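Remarks on the structure that follows.
We did not get these values from a lab; they are worked out from the coordinates using the rules stated. The shown structure was predicted, so the numbers you read here are calculated from the model rather than taken from an experiment. All Cβ positions, glycine included, derive from the backbone under ideal geometry; neighbour counts span all protein chains shown.
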């Protein structure tokens, strides 16, 4: 289902940008308020019992006055992957119980930065500083890459930009099936469409407003048929009774639909979150089961499953992937330490540059 907000707030300074005019034209029946100060937004949602949930129905159009492109912050004491993120949208209309954005973002509404002309110039500078070296860049850290695309229609602009820069591997990461506009354009080998996946049970019970896993796999299959490489993220893996069967079922369907040769990578990461998020989850999702597992503080302060539990889950998921035919798929961990890498994959990356090389398409011939 395409996103349609209940209300739109527009920063007065954003009115002149083409993207603002396009969005307002597509949402002509939605109430709009133009304002000089965004503090009115706080007042607009303060009266609601669930400001976070209400914020997902409010669209705020403004200018990005800081940097669009930043290195992925990763997490202290764990191995990163040298990823760069583009933050053109903040927040997401999907409502996953475990989402860290409930705590991480200071503003609960959905923000769209409309000054894309400045984004392209900034990307030119960032990429130019790399001197032609390989980099991985993507959207989807602070908001789903495609959840708003039926409204914004900007994914094709990103693809067109990066198609002309083949040394950059660009990723659009989503839980949705909004690929219609993308599939009408030309594919590019350096543009990866990737999906966040979970077991059918977790998707049904913990990922509100996201399409079922089967619809995501159908969208991935269509993307591959159009000529795009794809990626998948099993993150967060949730430990619950029957998790083995749940994840095995998804992996079997995934590798039945998608040729291994078109899968650029699969990432794995177990449930983890800052302790302060637990109360937010409990208040907003009283029926959730994700807080019933044994969670302990990790070296980065986030709550995680005990390492033996994580090792068991990773080993079985990797076994499922390999047994189902995915022996040649590059695998990597998100926010795990060297011991996990060594014990599960037999690899000991010395740092994020090693992970970057693992995922470089130039090294596939290895």
**Label point 7 Å beyond Cα of residue 35 along Cβ direction - residues of the stretch 94-126 with amide nitrogen under 16 Å** = 106-112
**Calculated [θ] (222 nm, deg cm²/dmol) that DSSP helices of n ≥ 4 give over the chain, each run adding -39,500 (n - 2.57)** = -9500 deg cm²/dmol
**Request:** Could I have the simple spin-label model distance between residue 118 and residue 316, label points 7 Å from Cα toward Cβ, reported in nm to one decimal?
**Result:** 4.9
**Prompt:** Using r as the Cβ-Cβ distance of residue 261 and residue 74, and R0 as 35 Å, what FRET efficiency do you calculate, to the nearest 0.05?
**Reply:** 0.75
**Prompt:** Relative contact order of the stretch 7-363: what whole-number percent is it, with Cα pairs under 8 angstrom and at least 6 residues apart?
**Reply:** 16
**Request:** Give the residues of the stretch 54-75 whose amide nitrogen is closer than 14 Å to a point set 7 Å from the Cα of residue 106 in the direction of its Cβ.
**Result:** 65-66
**Asked** Per 5 Å bin, what percent of the C-alpha pairs of the stretch 198-348 does each bin hold, from zero upward?
**Response** 2, 8, 18, 21, 20, 15, 10, 5, 1
**Asked** Which of the peptides 190-202, 2-14 is most tightly packed, and how do the rest follow, going by the mean number of other Cβ atoms within 10 Å of each residue?
**Response** 190-202, 2-14
**Message:** Between residue 244 and residue 300, what is 0.36 nm times their sequence separation minus the Cα-Cα distance? Round to one decimal in nm.
**Reply:** 17.4 nm
**Request:** Going by C-beta contacts inside 10 Å, put 332, 314 in order with the fewest on the left.
**Result:** 332, 314
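Report, please, the projected area of the stretch 7-363 averaged over directions, based on the convex hull of its C-alpha atoms, in nm².
Numbers: hull surface 69.1 nm².
Reported value for the Cα convex hull: 17.3 nm².
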